[in-house]
1. Being open to solvent by less than 70 Å² (accessible area, probe 1.4 Å) and of a type in the set (Gly, Ala, Ser) is the filter here; which residues of region 37-70 pass it?
2. Going by what's in this entry, would residue 77 be described as out of contact with any strand residue (DSSP E or B) (no Cβ under 9 Å at 6 or more places or on another chain), farther than 30 Å from residue 143 by Cβ, surrounded by 16 or more Cβ atoms within 10 Å (Cβ to Cβ) and among the hydrophobic types (A, V, I, L, M, F, W, C)?
3. Restricting region 1-36 to residues that are open to solvent by less than 60 Å² (accessible area, probe 1.4 Å) and of a type in the set (Ser, Thr, Tyr), which is farthest from residue 144 (Cα to Cα)?
4. Would you mind telling me which numbered condition in (1) of a type in the set (S, T, N, Q); (2) over 18 Å from residue 15 (Cα atoms); (3) at pLDDT 95 or above residue 137 fails?
Amino acid sequence: MHEVSRYLFLAGSLPFLFLGSAHAIATPLRSDRPRGLSPADPRLIEALSTATVRLTRRTTLWLAWIGFNFSHSLGAVLFGLVVLLVGRSDVSFRAEAPYFGPLAVIVLGVYLVLAIRYWFRTPIIGCGLSFVLFLLSWALQLAGR
């Protein structure tokens, strides 16, 4: 049962690694080369490229948009990598799973709520899948004690 829990835990990282990487690829680098996460309205791209934030005039909303998207991607990929490190061996999983099992469930629960509230179908499915896998892994950990 412990090995199944570890494999479920590892599988829970895969949607996050995939979605985080896809998010980075879909992030536009320049306003004149739109990608998947660019606004559909070219007028909005122009407005974002010239508008600054109240906090500082040193950045535009377009640059902030790029930074927010890349940092979001980095967070998702980093979380997936931490999960892989925790589950990389039976020894590391036995030592770290009591802490990272519930943490993964909480983190994915928050991501799932965000996905349902603010995002679209693909992240909802990916976050939901990871959440279920982490929840099952944690339940098996608890049952094996």
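1. First, the residues of region 37-70 that are open to solvent by less than 70 Å² (accessible area, probe 1.4 Å): 37-39, 41, 45, 47-49, 51-53, 56, 59-62, 64, 66-67, 69.
Within region 37-70, 38, 47, 49, 51, 64, 67 qualify.
2. Values: out of contact with any strand residue (DSSP E or B) (no Cβ under 9 Å at 6 or more places or on another chain): yes; farther than 30 Å from residue 143 by Cβ: yes; surrounded by 16 or more Cβ atoms within 10 Å (Cβ to Cβ): yes; among the hydrophobic types (A, V, I, L, M, F, W, C): yes.
So residue 77 passes the test.
3. Here is the first cut: in region 1-36, the residues open to solvent by less than 60 Å² (accessible area, probe 1.4 Å) are 2, 5-6, 8-13, 15-17, 19-24, 26-28, 31.
Still in the list and also of a type in the set (Ser, Thr, Tyr): 5, 13, 21, 27, 31.
Values: 5: 9, 13: 22, 21: 34, 27: 42, 31: 53 Å.
Looking at the filtered set, the residue picked out is 31.
4. Of (1) of a type in the set (S, T, N, Q); (2) over 18 Å from residue 15 (Cα atoms); (3) at pLDDT 95 or above, only one is false for residue 137: (2).
The values are calculated or read from the model by the stated rules, or taken from the named source; none is laboratory data. All of these numbers come straight from a predicted model, not from anything done at the bench. Neighbour counts run over all protein chains shown; Cβ positions are idealised from the backbone, glycine included. Remember, those area values only see protein heavy atoms, side chains included, never the ligands or the DNA or RNA. Shrake-Rupley method; radii C 1.70, N 1.55, O 1.52, S 1.80 Å.
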